[in-house]
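Student: Let me give you the structure first, and then I'll get to my questions.
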Amino acid sequence: LRCFYRRDTCSLYRYLGCHTSLTRVDTIYEDGQVFQHFGHTSQMKVYDIAGGKIVQEQLADASGSGHSALAGFLADLQADTVICGGIGAGAREALAQAGIRLYGGVKGLAGDAIKAFLAGTLEYQADVQCGCSGNHCAPGI
């Protein structure tokens, strides 16, 4: 994300002294945990990061978006990065086409995951699969 606020009115500039850019990290989320099936999520926890610090967090309602459509939803949110549990090939492909970095196979509390991400210690699986048996996770769907 690029900051378009004027320096004299930007609270982040006064707080961080940066005024260059923000990173937006979305965590696929349910009940405080990193949700384990990307395409079935109804919520995302959105973190705005500047200067290596969380400067804002909010919940986003993703209900009704579905598998590959979530990539468009995330692009509309201006997400740079997604942290999730399982994810199918079609959704992985859609995120890659949207230029959104993926950290899949993450388990545990969403708050712990974002702290590990910021510290550079997030444990993830680059080749994670959703683990379901349905055809809805195939590329192009």
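Student: Put Tyr103, Tyr124 in order of accessible area, largest first, 1.4 Å probe: what do you get?
Tutor: Reading off the accessible areas and sorting them downward yields Tyr124, Tyr103.
Student: Which of rounded, prolate, oblate describes the stretch 78-118, given a ≥ b ≥ c as roots of the alpha-carbon gyration tensor eigenvalues and a/c under 1.5 marking rounded, otherwise prolate only if a/b is larger than b/c?
Tutor: oblate
Student: Then there is this: Subtract the Cα-Cα distance of Gln97 and Gln58 from 0.36 nm times their separation in residues, and report this length gain in nm to one decimal.
Tutor: Length gained, Gln97 through Gln58: 11.5 nm.
Student: Using only protein heavy atoms and a 1.4 Å probe, report how much of Val55 is accessible, in Å² to the nearest 10.
Tutor: 40 Å²
Student: Please list Lys115, Lys53, Lys45, Lys107 in order of solvent-accessible area, largest first, computed with a 1.4 Å probe with all protein chains present.
Tutor: Lys107, Lys115, Lys53, Lys45
Student: Probe 1.4 Å, all protein chains in place: accessible area of Leu70 in Å², nearest 10?
Tutor: For Leu70, the solvent-accessible surface is approximately 0 Å².
The values are calculated or read from the model by the stated rules, or taken from the named source; none is laboratory data. All values derive from a computational prediction rather than experimental measurement. We work out accessible area using only protein heavy atoms, side chains counted, and drop any ligands, DNA or RNA first. Shrake-Rupley method; radii C 1.70, N 1.55, O 1.52, S 1.80 Å.
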